[in-house]
Amino acid sequence: MKRVLSGIYYFLPVQLVLLHFRKYQILLIFWVILLLTITGKFASHFGASSLFLAPEYLGKVSFVSMLLLGCATCVFIMMWHITTFIIHSKRIPYMGATRHAFVVYCYNNSIIPICFLDFYSTRAIRSQWVDEHASMKTILLLQFGFYLGMALIFFISFIYFFRVSRDFFKTLLTTITNPSRIREIIPYDSLDYELDVLPARSYVSGKLSIERSSDLERFHPRLMSTVLRRHHRNVIFATIVAYVMLLLMGIFMERPLLRVPAGAGFLLLFAIIMGIVGAFKYFMKSWEAIGWIIFVIGISLMVKVKLLDLRSIAYGLNYHNPEKQQPVYDYEHLHACFTPQRYAADRQQEEQRLSKWKNRVSTDSVKPPLVVVTVSGGGTRSAYWSFRTLQYIDSATGGKLFKNTVLITGASGGMIGATYWRSIHDAVQQGLLKDPWSPKYQHNVGKDLLNAIIFSFASVDLISPFNKIDIAGYSYTRDRGYAMEQELVRNTKGLLDKNIGYFSPREANGSIPLLIINGTIVNDGRRLMMSGQPLGYLTQPEYSLNSATPPIDGVDFAEFFPNQDPYNMRITSALRMNATFPYVLPVVKLPSVPRMNIMDAGLRDNFGAELADRYLYVLRDWLKENTQEVIFLDIRDTRENEVTTISDQSGSLSNMVADPLFVIQTKWEAFQSYSEGLYKDIAPYYPGGKLRFVTLQYVPKTANKIAALNFHLTQQEKDDLLQSIYDPGNQAAIDTLVKVLSPVKGH
């Protein structure tokens with residue numbers, strides 16, 4: 001038994017696994033992240049596991065999507081082999097005596113990849129069966145596609161390395177037959193032997209048989225080290241080829257056929273990072289630490305001189321004005337811009353718009369019910385749920401929900417669904433579409449956005465930040481924000497390929513609701529409001545109008561940037577700013593001095609309640625006089641009375657350390673939900689007691705199976721969101737709306 005255990009311990013594959021844990025543990029982080037992601041222990045709230053277990057290509061999980069994921073997985077595994085070979089081959093100099101040194105190394109270095117693939121397949125099969133409702137025949141086909149993709153890349157890789165090894169071996173043999181030339185190909189080194197050579201007694205040969213390592217040790221170690229250094233150059237060349245291929249794919253990123261699934265994008269990104277680590281190790285050697293310091297300093301200088309700017313921009317907006325024509329973002333300029341006079345003028349203009357709306361919907365002397373819609377943030381989950389709710393209620397009321405809605409606002413993904421809903425009805429009114437309740441629109445809003453974002457992050461943002469494109473007469477840099485917008489345009493069949501000003505005339509005459517898309521100004525926490533109508537009456541509390549220093553807490557985008565062509569900005573850019581979740585999408589900079597940086601609206605108001613509450617208060621007199629009833633339709637992708645999970649882990653060390661650090665992040669939605677209760681307490685008094693709150697909320701079928709908060713939904717999550725409309729509480733709320741809005745019979 002001792003001899004057997006000793007043989008296992010001194011088997012080269014086992015020694016390499018131990019070496020990875022003993023040296024350069026940082027490379028194992030990539031495997032750990034993948035394992036934690038697949039098991040749902042990492043980024044589970046964002047549904048990251050589905051990107052690997054059910055990858056989408058061209059909007060669906062298919063044989064091709066799994067094949068592409070298999071290709072990317074193989075690229076990642078090969079980069080793992082390449083990088084660790086460069087770093088650790090000096091510890092196995094006897095490997096230089098093998099015919100195909102790198103290929104043999106891959107065979108012996110495959111314990112970790114094989115264990116990962118075995119675990120991945122088990123999880124993927126279960127996920128596709130349970131979450132995607134796929135048949136066993138389909139699952140087997142998907143698994144075949146995955147491993148076929150891996151086989152293709154392995155075949156191409158090994159063909160390359162077999163060819164390189166054979167050609168070089170011939171050249172080396174003709175060289176070393178002349179002893180006088182040995183000193184020319186082997187630089188003098190006082191250390192002939194590596195002090196940390198792996199004590200392997202056996203290894204897997206190129207013929208996949210187990211052979212003794214002692215048979216390889218008859219060559220001089222410096223000679224074998226030289227052979228391995230030549231292999232280093234070959235694998236570095238392969239890394240550069242992979243980089244160039246990814247760069248070319250990034251150039252043509254707008255073509256869906258060339259865009260790999262999001263999980264594959266992550267794997268390619270990990271592969272590039274590992275390749276960079278290996279390249280630094282190879283070129284810098286003992287100077288590696290200093291090399292990394294110089295690299296970071298160089299990147300910092302490029303950012304400082306604006307040669308490299310990782311912040312994003314809003315497409316359609318003019319960034320090319322001289323600095324003196326750009327507004328100064330400070331309190332003095334805000335105070336001069338949003339004056340009491342502008343407040344009164346903008347409020348009067350909104351009252352005129354509401355009067356036009358009233359004339360359109362009122363056919364007799366009866367005052368109409370008025371609807372204000374707020375939607376919550378929550379990625380594609382919220383977009384899908386918000387659209388489902390609005391379309392369902394509108395159909396149930398015979399189209400009166402849309403006709404009676406005067407304002408739509410909110411945050412993040414909910415605004416994507418609500419904006420698409422408004423665009424569909426706008427197109428119907430113009431005769432461009434016929435049926436606003438068609439199921440295909442629900443399908444469109446649930447299409448994947450994450451693939452484009454992640455692919456751009458890997459192929460454009462990090463490795464090619466100098467990619468330019470012309471939009472609406474201006475030149476911009478392409479990044480994952482642009483990729484997200486283009487995918488959103490494709491998913492909605494061009495209905496959102498409009499600028500803000502496109503909807504302004506119909507908003508002004510009351511034929512479509514006013515849409516206020518929000519963002520959070522991270523410079524100071526103010527709200528940025530983007531709309532086709534003037535919003536000066538929402539920039540500050542009414543009580544402070546006569547104050548010398550009013551607390552201006554909101555910025556009307558169009559009025560603050562009059563010289564930057566504000567109404568030319570794409571509505572998708574406004575939606576992106578509104579849904580800029582940290583790191584998933586880049587922070588957006590706007591052309592002010594200093595730059596105004598915009599992130600997710602949910603940082604300030606995740607439910608839209610604060611802004612809607614102010615709107616109702618400012619217009620309270622008009623509402624009292626001209627409406628039968630005001631309906632505050634609150635659409636949430638979380639349950640109002642169940643905003644957080646209560647756990648009893650306060651005694652654990654990890655919670656004691658983590659809770660103070662992440663309490664804001666993990667409990668932010670709960671804090672805002674409690675604040676929304678205060679607005680609901682006081683808001684009914686504004687329009688003279690006419691206000692009615694109606695709340696519809698996503699109620700998952702299984703409490704611990706809530707749809708993920710990201711830009712990707714599985715089929716099970718979509719089904720769960722669709723069925724949530726039939727929850728008894730939601731049906732009661734819909735019945736109330738149907739009764740108030742007097743639906744057309746038969747719908």
Calculate, in nm to one decimal, what D735 and H320 gain on full extension: separation in residues at 0.36 nm each, minus their alpha carbon distance. 144.2 nm
What would the Debye equation give as log₁₀ I(q)/I(0) for region 1-126 at q = 0.11, 0.23 Å⁻¹, counting only Cα atoms as equal point scatterers? -0.49, -1.37
Please list, in chain and number order, the residues 5+ apart from G554 or on another chain whose amide H is under 5 Å from its amide H, with Hs placed from the backbone. R527
Once R123, R259 are ranked on solvent-accessible area with the largest value leading and a 1.4 Å probe, the list reads R123, R259
I need the calculated FRET efficiency for the pair F693 and T363, taking r as the beta carbon distance and R₀ as 30 Å, to the nearest 0.05. 0.65
So, taking all protein chains as they sit and a 1.4 Å probe, how much accessible area belongs to L401, in Å² rounded to tens? 0
Using a 1.4 Å probe on the protein heavy atoms, what percent of the accessible area of region 1-50 belongs to carbon and sulfur? 72
For a quick check: with amide H placed at 1.01 Å from N, whose amide H comes under 5 Å from D600's, ignoring anything fewer than 5 positions away on the same chain? T520, T580
Peptides 141-148, 480-487, 728-735: what's the order by average Cβ count within 10 Å, highest mean first? 480-487, 141-148, 728-735
How much of R212 can a 1.4 Å solvent probe reach, expressed as accessible area in Å² and rounded to 10? 150
Largest to smallest accessible area among F119, F711 [probe 1.4 Å]: F119, F711
Need the list of lysines near K281 for cross-linking: C-alpha distance under 25 angstrom, and skip anything on the same chain fewer than eight residues off. K23, K90
Semi-axes, largest first, in whole Å: what does sqrt of 5 times each Cα gyration tensor eigenvalue give for region 389-489? 33, 15, 12
If Lys and Arg each add +1 and Asp and Glu each add -1, what is the summed charge of the other residues whose beta carbon sits under 9 Å from the beta carbon of G554? +1
Computed lengthening from L545 to I293, 0.36 nm per intervening residue step minus Cα-Cα distance: 85.4 nm
Which net charge results for the neighbourhood of S362, defined as the other residues with beta-carbon distances under 14 angstrom from its beta-carbon, given Lys and Arg at +1 and Asp and Glu at -1? +3
What is the Cα radius of gyration of region 469-560 over 2.2 N^0.38 Å, N being its residue count? 1.35
For H335, H425, give me the order by solvent-accessible area with a 1.4 Å probe, most accessible first, ignoring ligands, DNA and RNA. H335, H425
Can you figure out the FRET efficiency of D435 with K701, using R₀ = 35 Å and their beta-carbon distance, to the nearest 0.05? 0.75
Proximal charge balance of M415 [Cβ under 11 Å; K/R count +1, D/E count -1]: +1
Eligible lysines near K304 by straight Cα distance, threshold 17 Å, same-chain separation 8 or greater: K589
Could you check the spin-label model distance between D330 and V244? Points 7 Å from the Cα along Cα→Cβ, value in nm. 5.2
Which residues' amide hydrogens lie under 5 Å from the amide hydrogen of Y698, considering only partners 5 or more residues apart or on another chain, with H built in the peptide plane? R636, D637, T638
Please list, in order, the residues from region 476-494 whose amide nitrogen is less than 12 Å from a point placed 7 Å along the Cα→Cβ vector of R595. 477
Given a Förster radius of 60 Å and the C-beta distance between V130 and D524 as r, what FRET efficiency does 1/(1 + (r/R0)^6) yield to the nearest 0.05? 0.80
Rounded to the nearest 10 Å², the accessible area of Y476 using a 1.4 Å probe with every protein chain kept is 10
Roughly how many nanometres apart are two label points built 7 Å out from the Cα toward the Cβ at Q723 and H443? 2.1
When you count, for each residue, the other Cβ atoms within 10 Å and take the mean per peptide, how do 368-380, 127-139 rank with the highest first? 368-380, 127-139
Give the value in nm², to one decimal: projected area of the alpha carbon convex hull of region 313-408, averaged over all directions. 10.3
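The values are calculated or read from the model by the stated rules, or taken from the named source; none is laboratory data. The shown structure was predicted, so the numbers you read here are calculated from the model rather than taken from an experiment. Neighbour counts run over all protein chains shown; Cβ positions are idealised from the backbone, glycine included. Calculation scope for accessible area: heavy atoms of the full protein, side chains included, ligands and nucleic acids excluded. Shrake-Rupley method; radii C 1.70, N 1.55, O 1.52, S 1.80 Å.
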